[in-house]
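Trainee: Take this structure, written in structure tokens, and hold onto it; I'll ask about it next.
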Amino acid sequence: MSISLSTASLPVFAKFLGNLRHILSKAQADVAARGYDEQALVQYRLSPDMLPFKTQICIACDAAKLCAARITGLDAPKYDNTENTLAELITRVDNTLAWLKTVPAGALDGLEAKEVSFPVGKTGTRTMSAEDYVKTWALPNLFFHITTAYAILRHNGVALGKSDFLVGAA
């Protein structure tokens, strides 16, 4: 079987967003078990110039849904980025996963050479082929923000291991 744009993106987005949901659930359990305010996690930053945990989750979701939307021309759901609890962040992941399930593989396949333009930073724009966008931008962006969220949780004592990141709930 040859690899296609849909097989290189949609199942990977679904798998790792599912794993993200899993680590968010473990964070909820940790908050309940240790009895602290979940805002300690939701607002946490590894460094003063980094985005907070909640934004890492939002960007991970956006990386997946916007990739699929930009390549296919489908309208991705728009979120207000108002999530302020772990439960709301889990709902954000769930909603993104639900929308990704509606993206037909055929809408992506064959568009590898399509030029995709997208915003970068506050004022920039970048253009690349859909294949390069998936391989060198969207997937690395997804992994970066999920890894950062994982690191924030680990730093704050949530009992996570490598298998939580790679396997999820299994």
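The values are calculated or read from the model by the stated rules, or taken from the named source; none is laboratory data. What you see is a predicted model; the values in this text were computed from it and never measured. Positions of Cβ are backbone-derived with ideal geometry, glycine not excepted, and every protein chain shown enters the neighbour counts.
Trainee: How many of the residues in segment 52-95 are more than 17 Å from ARG21 (Cβ to Cβ), without any contact (Cβ under 8 Å) to a residue 60 or more places away in the chain and either touching a helix residue (DSSP H, G or I) at 6+ places or on another chain (Cβ under 7 Å) or assigned to a loop (DSSP other than H, G, I, E, B) (or both)?
Mentor: 12
Trainee: If ALA159 passes every condition in (1) within 30 Å of ALA32 (Cα to Cα); (2) in contact with a Phe, Trp or Tyr (Cβ under 7 Å, 6 or more places away or on another chain); (3) hydrophobic (A, V, I, L, M, F, W, C); (4) in a loop (DSSP other than H, G, I, E, B) but one, which one does it miss?
Mentor: Tallying (1) within 30 Å of ALA32 (Cα to Cα); (2) in contact with a Phe, Trp or Tyr (Cβ under 7 Å, 6 or more places away or on another chain); (3) hydrophobic (A, V, I, L, M, F, W, C); (4) in a loop (DSSP other than H, G, I, E, B), ALA159 fails exactly one: (2).
Trainee: Do we find that THR127 is hydroxyl-bearing (Ser, Thr, Tyr) and either in contact (Cβ under 8 Å) with a residue 40 or more places away in the chain or surrounded by 15 or more Cβ atoms within 10 Å (Cβ to Cβ) (or both) in this structure?
Mentor: no
Trainee: Hey, could you check segment 37-51 for residues that are under 14 Å from ARG154 (Cα atoms) and in a helix (DSSP H, G or I) and say which is nearest to the chain's Cα centre (by Cα)?
Mentor: Going through the qualifying residues, I end up with VAL42.
Trainee: Can you name the number of the only condition in (1) at pLDDT below 95; (2) surrounded by 14 or more Cβ atoms within 10 Å (Cβ to Cβ) that CYS58 fails?
Mentor: Looking at each condition in turn, CYS58 falls short on (1).
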